[in-house]
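**Student:** Have a look at this one before I ask anything.
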Amino acid sequence: MRSAVAFVAISFFAGTNEFKPSIVSQTPMQILSNQQEVVHSFQLTTLKGHTDLVTNIKFSKDGKTVASASADNTVKLWDASSGKLINTLTGHTDLVRSVIFSPDGKTVASTSNDKTVKLWDTTSGKLINTLTGHTNQVFSVIFSKDGKTVASASLDNTVKLWDATSGKLINTLTGHKSGVLSVIFSPLGRTVASASIDRTVKLWDVNTGKLINTLTGHTGLVTSVIFSPDGKTVASANYDKTAKLWDVNTGKLINTLAGHTNSVSSVAFSPDSKIVASASVDRTVKLWGGSTGKLINTLTGHTDPVWSVSFSPDSKTVASASSDKTVKLWDATSGKLISILSNDTCQVYSVIFSPDGKTIASTGNETTVKLWKASEIRRLIRIN
């Protein structure tokens, strides 16, 4: 049985899992709240083709394409509107862990247990370059905002910066004492943040490769790190049951987001930087002030661990993915439950919004990706 904790946080796999995901054509979702009925109608499209678990999903910046990485050693590109398969990117020799589009959408980068990063042409599906040099599994990859640089994080304790055009190695960022699980560029592209099993987050200067600051204070491995959209704050998620907010300029701790009773699996900023959402194995999502770190709301209702949390582009909606086989949508202001997207047969480990906010992609312990398309805006009906 594949471990959910390992799959989501550090993507270690142990064993196999057999299942037969169901296919649903349309799913209307209804809930009652404060004498009002909130009705959403969602068209569900299931993207079928992988032969092993889907490990990661991403939308292109224009929202027209979905990329999925899989334990079947492939990346697949799908038409987000029709759900049709565009291309299968083959060449990795082991499980593909993560995938990301370049800002212009012309290139896809993928990382693998085969210790490489591969760059692919989105239109033709042809391999552009294989970035070799890591000596262990590559967990995370990201493009800089201008698309010129690729950063990769590996269990070999390093982050590497590559020229996205030539594929040449620019710099190797060394200093972590254990594997690096997550890497992210700051919005302006001048700084790289890396999260590690060594319980630290490190900030690096992109131009020089020099270490700017080491953010210490977590007592467990740091599973993920993210910059606020305004670039002023870094948030990190941890197995010590907390998330932390750090000042990017000083490296000082702003606040420790304490209150979860189990590991924090995911953390996300709202696009307007006003809210931080944290998902936890304790079955809850918590919303915190983006600048203060003060608790705003606790979203309860999931009956199993919550592995992923994501904001809609307008910052109004929060989506959460859980082992209870559902994706839940919440009002970010009131904390009220809006809709429940039922997966029926499979636990859900990952959820993301399309750039226009009209489509939600989810995947879990299954070989498929599900696209939920909102066909009706929220409708409120008074109940006598």
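**Student:** Measuring from the lowest to the highest alpha carbon on each principal axis, how far does the range 134-251 reach, largest first, in angstroms?
**Tutor:** 41, 33, 19
**Student:** Using only protein heavy atoms and a 1.4 Å probe, report how much of W372 is accessible, in Å² to the nearest 10.
**Tutor:** 0 Å²
**Student:** Ignoring ligands, DNA and RNA, what percent of the 1.4 Å accessible area of the range 201-308 is carbon and sulfur?
**Tutor:** Result for the range 201-308: 48 percent of the exposed heavy-atom area is carbon or sulfur.
**Student:** Using a 7 Å offset from the Cα along the Cα-to-Cβ direction at both K373 and D230, what is the distance between the two label points in nm, to one decimal?
**Tutor:** Label at K373, label at D230, 3.7 nm between them.
**Student:** Name the long-range amide H neighbours of L257: under 5 Å, sequence gap of 5 or more, or other chain; modelled H, no Pro or chain starts.
**Tutor:** A243, K244, L245
**Student:** According to the Cα gyration tensor, what semi-axes, each the square root of 5 times an eigenvalue, does the equivalent ellipsoid of the range 55-168 have, listed from largest to smallest in whole Å?
**Tutor:** 21, 16, 11
**Student:** Ignoring ligands and nucleic acids, what accessible area does D230 show with a 1.4 Å probe (Å², nearest 10)?
**Tutor:** Accessible area, nearest 10 Å²: 80 Å².
**Student:** So if I take the alpha carbon set of the range 269-340, get Rg, then get Rh from the Kirkwood formula, what is the Rg over Rh ratio?
**Tutor:** Using only Cα positions, Rg/Rh for the range 269-340 is 0.93.
**Student:** Sticking with this one: Enumerate the aspartates and glutamates that K48 could reach by cross-link, defined here as Cα to Cα under 15 Å, with residues fewer than 8 away along the same chain left out.
**Tutor:** Here the aspartates and glutamates satisfying the reach criterion relative to K48 are D72, D79, E366.
**Student:** Can you give me the convex hull volume of the Cα atoms of the range 202-276, divided per residue and expressed in Å³?
**Tutor:** Given the Cα convex hull of the range 202-276, per-residue volume reads 90 Å³.
**Student:** Follow-up question, since we're still on this one. Using 22 Å as the Cα-Cα cut-off, could you pick out the over-long pairs in K61/K202; K145/K370; K106/K274; K76/K373; K76/K106; K106/K126?
**Tutor:** The pairs that break the limit, which is 22 Å between Cα atoms, are K61/K202; K145/K370; K106/K274.
**Student:** Through the Karplus equation 6.51 cos²θ - 1.76 cosθ + 1.60, θ set to phi - 60°, convert the phi angles of the range 296-309 into ³J(HN,Hα) values in whole Hz; use x for Gly and Pro.
**Tutor:** For the range 296-309, the Karplus-derived couplings read 9, 7, 10, 9, 10, x, 5, 10, 8, x, 9, 9, 8, 9 Hz, x marking Gly and Pro.
**Student:** Please report the Cα spread of the range 238-285 along all three principal axes, rounded to whole Å, starting with the longest.
**Tutor:** Principal-axis extents of the range 238-285 (Cα, largest first): 33, 23, 13 Å.
**Student:** Oh, and also: List, largest first, the extents of the alpha carbons of the chain along their principal axes, each in whole Å.
**Tutor:** 66, 45, 37
**Student:** How would Y349, Y239 line up by accessible area, probe 1.4 Å, largest first?
**Tutor:** Y239, Y349
**Student:** What residue among N73, N249, N343 shows peak mean-square fluctuation when the chain is described by a Gaussian network model with Cα springs under 10 Å?
**Tutor:** N249
**Student:** Another question, then. So for V248, V159, what's the accessible-area order with a 1.4 Å probe, most first?
**Tutor:** V248, V159
**Student:** So for the range 256-384, taking the charge dipole from beta-carbon charges (+1 Lys/Arg, -1 Asp/Glu), which of S266, L299, T363 sits furthest toward the positive end?
**Tutor:** Farthest towards the positive end: L299.
**Student:** Then there is this: Explain nothing, just compute: Karplus ³J(HN,Hα) = 6.51 cos²θ - 1.76 cosθ + 1.60, θ = phi - 60°, for every residue of the range 118-125 in order, whole Hz, x for Gly and Pro.
**Tutor:** 10, 10, 10, 7, 5, 6, 8, x
**Student:** What number comes out for accessible area per residue over the chain if the probe is 1.4 Å? Units Å², please.
**Tutor:** 41 Å²
**Student:** Right, here's the next one. Determine the alpha carbon to alpha carbon distance for each of K241/K316; K244/K336; K115/K286; K64/K148; K232/K328 and list only those over 31 Å.
**Tutor:** K115/K286
**Student:** Size of the dipole of the chain about the Cα centre, Lys and Arg at +1 and Asp and Glu at -1 on the beta carbon, nothing else charged, in debye to 20?
**Tutor:** 440 debye
**Student:** Hey, another quick one. Only four residue types carry charge here, +1 at the Cβ of Lys and Arg and -1 at the Cβ of Asp and Glu. Report the dipole size of the range 79-225 about the Cα centre in Debye, rounded to the nearest 20.
**Tutor:** About 180 debye.
**Student:** At 0.36 nm per residue, and after removing the present C-alpha to C-alpha distance, how many nm does the segment from T90 to D304 gain when stretched out fully?
**Tutor:** Result: 73.6 nm gained on full extension.
**Student:** Mind checking the dipole of the range 138-193: about its Cα centre, +1 per Lys or Arg Cβ, -1 per Asp or Glu Cβ, Debye to the nearest 20?
**Tutor:** Roughly 100 debye for the range 138-193.
**Student:** List every residue whose amide H lies under 5 Å from the amide H of Q347, counting only residues 5 or more places away in sequence or on a different chain, with H placed 1.01 Å from N in the peptide plane.
**Tutor:** Distant-sequence amide H within range of Q347: N365.
**Student:** Over the range 104-164, what percent of the accessible surface lies on carbon and sulfur atoms, probe 1.4 Å?
**Tutor:** Exposed carbon and sulfur together represent 43 percent of the surface.
**Student:** Considering the alpha-carbon set of the range 48-114 alone, what are its Rg and its Dmax in angstrom?
**Tutor:** According to the Cα coordinates of the range 48-114, Rg and Dmax are 11.0, 32 Å.
**Student:** While we're on this one: Specify which residue in the list L188, S236, S350 is farthest towards the positive end of the charge dipole of the chain, using unit charges on the beta carbon of Lys, Arg (+1) and Asp, Glu (-1), about the Cα centre.
**Tutor:** Most positive-ward Cα: L188.
The values are calculated or read from the model by the stated rules, or taken from the named source; none is laboratory data. It should be emphasised that the depicted structure is a prediction, and the values quoted were computed from it without experimental measurement. No Cβ is skipped: glycine too gets one built from the backbone with ideal geometry, and neighbour counts run over all protein chains shown. Calculation scope for accessible area: heavy atoms of the full protein, side chains included, ligands and nucleic acids excluded. Shrake-Rupley method; radii C 1.70, N 1.55, O 1.52, S 1.80 Å.
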